[in-house]
Amino acid sequence: MPDGHFDIYDLPPSFLDDPFPTYHHLRDRDPVHLNKDGTYFITRYEDVARVYRTKSMRSDKTEMYLRKFGEGPLFEQHTNSMLFSDPPKHTRIRKLVAYAFTPRAMLALENRVVELVDGLLDRCADAGGMDLIKDFAFALPVEVICVMLGIPPAQREPLQRWSNAILTPLEPVATPEMVAAGNQAVADFKIYLGELLADRRAHPERYGDDIMADLLAAEEDGDRLTETELIQNCIFLLNAGHETTTNLVGNGVNALLDFPDQLERLCEDPALIQTAIEEMLRFDSPLQIGNRGVAETIEIGGVTMPPGTQIMTSIGGANRDPAQFGDPDRLDIGRQPNRHVAFAAGIHACLGAPLARMEGRVAIGRLVSRFPKLRRDGEVVRGGRARFRGLMAMPVAV
Ligand code: HEM
């Protein structure tokens, strides 16, 4: 943002490479930035945290997505997910889906995650290196969600493609090609899950005690998820937990390689992995931008916003705010306190956070303890997106 001009709908490649100088500039000079379409982009920690904790804020995006996507499977998927719903609908679905994230379910998954991670690291050891994104950060979360949902290994191939096609239209600008690909992916995914559920019902003995079983059995005061809700939420869980976790692992390792003293510190004191993961979530947040709609007039940074105003919350900007975090551009794997908003806050705070933290801890912890000499070994390729911030490729040698 050299000339002081910031347009969320026309971001230069330099911003997508490194948005943090722009966020600092905005926070200092224009913390409640008015976008050209009348929405606001806010970058101060205090403001972002307040928006997330304001109960009257709206997450429903029916109008916005009707304009952006038109009617169709993509519109239905995104407007029915719990993330884009308000109470009481949100409260009901969240309670039922929370059955998938009990401490018991997380503990049972951890052994499986350790197995998966060690298998990927064995392959890396044999080859003397890997593409940290494709062979590790990408491979892990999709496997974990497939285990959770009971999707057999032979059927997992299209899931990454579907997930990517469904999420990409959520970027600030969605082209007609992105929307068409998103519609097709939702339609294909729905057919697939409908058949999987039918098979589970016909042959329960073929399936284990997985999280899909918890979702099928989830019941609150006699209320259960309908078949459509179940399918929509399975698609949502795959999307919510896939790319974000990939980006946690990819951005986290990238940050450690940028701060070799912190990599060394972690190798010497593996118990720091807990605070290290929090710091990675803060330092280069996997999900950089959120949205909320104003339902009751609110004043933010001296700007009065009437009902109907749309706000973009800069999670990436808030997490580098020097008013909240000392020396915010430095990775400090022992940082405490660290009240980052990488998982948002308030009623929509990430339901999968315990799973994401556990995957991050196991993946990065076991990677660095096994390969303390880990180093980059080729060109790092950025994902080139503003909302989902991550890498496409990072060859490493071990
Ligand atoms: C590092 C990885 C992750 C990050 C950074 C992340 C971030 C977020 C954020 C910021 C939100 C709130 C969005 C908003 O309200 O605008 C959210 C919501 C959510 N996340 Fe995550 N997430 C991660 C991993 C996961 C995983 C692994 C799952 C499950 C498989 C998951 C499931 C959910 C769900 C269900 C919600 C919706 C909660 C609600 O609307 O009440 N997330 N996540």
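For this structure, a couple of remarks:
- Unit charges on C-beta of K, R, D, E only; dipole of the chain, Debye: 440 debye
- Shape of region 1-54, Cα gyration tensor, a/c cut at 1.5: prolate
- Aspartates and glutamates whose Cα lies under 13 Å from that of Lys190, excluding same-chain neighbours fewer than 8 positions away: Glu76, Glu227, Glu229
- Which of Pro103, Val380, Met57, positive extreme of dipole for region 13-397 (C-beta unit charges): Met57
- The chain: C-alpha gyration tensor shape, a/c 1.5 cut-off, then a/b vs b/c: oblate
- Length gained on full extension, Asn164 to Arg201, computed as 0.36 nm times the residue gap minus the Cα-Cα distance: 10.4 nm.
- R0 of 41 Å, Cβ-Cβ distance Lys134-Glu299: FRET efficiency to nearest 0.05: 0.30
- Euclidean distance of C-alpha centroids, region 127-142 and region 62-97, integer Å: 32 Å
Readers should treat all values here as calculations from the given coordinates under stated rules, not as data from a laboratory. If you're wondering where the values come from, they're calculated on a predicted model, not measured in any experiment. All Cβ positions, even for glycine, are placed from backbone atoms using ideal geometry, and neighbour counts span all protein chains on display.
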